[in-house]
Amino acid sequence: MNILHVDDSPEICELYSDMFSADNHTVRSITDGKEGLELVIQNNFDLILLDLCMPKFSGFDFLRELKTRKPSELKKVVVVSVLDFNESQTQELLNFGIHSVEEKPSSIKKLEIIQKNMTLNSKKVLLIDDNIEITGLLSKFLKAKGYDNEITNNPLDGLEKIKNKMYDYVFLDIHMPELSGFDIIQNLESENILKDQKIIIFSAHDFKAGEITELLKKEGIEGYLKKPIQLNALLATITK
């Protein structure tokens, strides 16, 4: 396991480094939050342990900038702190899209279990479709296969979810009242966050010649499934 540990205490860094190295894990310990962020941007870690109370560049600064620059890595972050967070404070941290919040000292065994769970059916899926029956069916199917998913039948709510959370895949219907799938794509593109998504269009819409091809050229649009959806095709899209 390749681990990054960001904590301004050299003693804590040394302790965690010794713990993980003894179990043949690779650990990079950084006492500067800004430097740690740059390492995350430039490298691929399996687990990121983050302290919050750091001078100059706090853990909150780290999370805010990571969400802007490389949001896909947020789900690998475990906040490890001596602070006693209440429920609302913990939820505020989780809203960044991180994996979890743990209290210091967190045992190596517990962190190993956390990292293992990250890679086991850890993909988060958002389903946006105004048809309640379709989203209900697909949600049950994905849960049966072990995948965490959220559904919304309100396209405005779906747009807000995309903007405020990180999903591995977003399945987006095209024909919806108030706000179409095209509108959602255009909105995300105008705010320069479409490129950070993995959107699968699933629709019975009769696309004009070349229309779907042009959509698939956009960075952030990953695929197209024609309704009625074959469940095996849906699963193959997520597990590919």
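All of the numbers you see were taken from the coordinates with simple rules; none came from a lab. Bear in mind the structure is a predicted one, so any value in this text is a computation, not a measurement. Glycine gets a Cβ as well: all are built from the backbone with ideal geometry, and neighbour counts include every protein chain shown.
Our coupling estimate for region 226-233, obtained by passing each phi through the Karplus curve with A = 6.51, B = -1.76, C = 1.60 and θ = phi - 60°, is 8, 6, x, 6, 7, 4, 5, 5 Hz, Gly and Pro reported as x. Taking a ≥ b ≥ c as the square roots of the eigenvalues of the alpha-carbon gyration tensor, region 43-85 is classed oblate because a/c is 1.5 or more while a/b is no larger than b/c.
Mean sequence separation of contacting Cα pairs (under 8 Å, at least six apart), scaled by the length of the chain, corresponds to a relative contact order of 12 percent.
Placing +1 on each Lys and Arg Cβ and -1 on each Asp and Glu Cβ, with no other charges, gives the chain a dipole about its Cα centre of roughly 840 debye.
With 0.36 nm allotted per residue and the present C-alpha distance subtracted, the Gln89-Thr68 stretch has 5.5 nm of extension available. Counting 0.36 nm for each residue step from Asp18 to Leu156 and taking away their Cα separation leaves a gain of 44.8 nm. With θ taken as phi - 60° and the Karplus curve 6.51 cos²θ - 1.76 cosθ + 1.60 applied, the whole-hertz 3J(HN,Hα) list for region 2-14 is 9, 10, 10, 10, 10, 7, 6, 8, x, 5, 5, 4, 5 Hz, x standing for glycine and proline.
Across all Cα atoms of region 124-239, the radius of gyration (one decimal) and Dmax (whole number) stand at 13.0, 37 Å.
Exposed loop positions in the chain were taken to be chymotrypsin sites (Phe, Trp or Tyr not before Pro) whose DSSP state is not H, G, I, E or B and which have at most 16 other beta-carbon atoms within 10 angstrom. Between these positions, the longest stretch is 86-206. Here the 3J(HN,Hα) profile of region 77-85, calculated from phi with Karplus coefficients 6.51, -1.76 and 1.60 at θ = phi - 60°, is 8, 10, 6, 10, 8, 8, 5, 9, 7 Hz, Gly and Pro shown as x. For Lys140, the aspartates and glutamates whose Cα comes closer than 19 Å to its Cα, not counting residues fewer than 8 places off in the same chain, are Asp129, Asp130, Asp148, Glu150, Asp168, Asp173. Restricting the calculation to Cα atoms, region 1-42 yields a radius of gyration followed by a Dmax of 10.1, 28 Å. Full extension of the chain between Lys226 and Gln186 yields a length gain of 12.3 nm, computed as 0.36 nm times the residue separation minus the alpha carbon distance.
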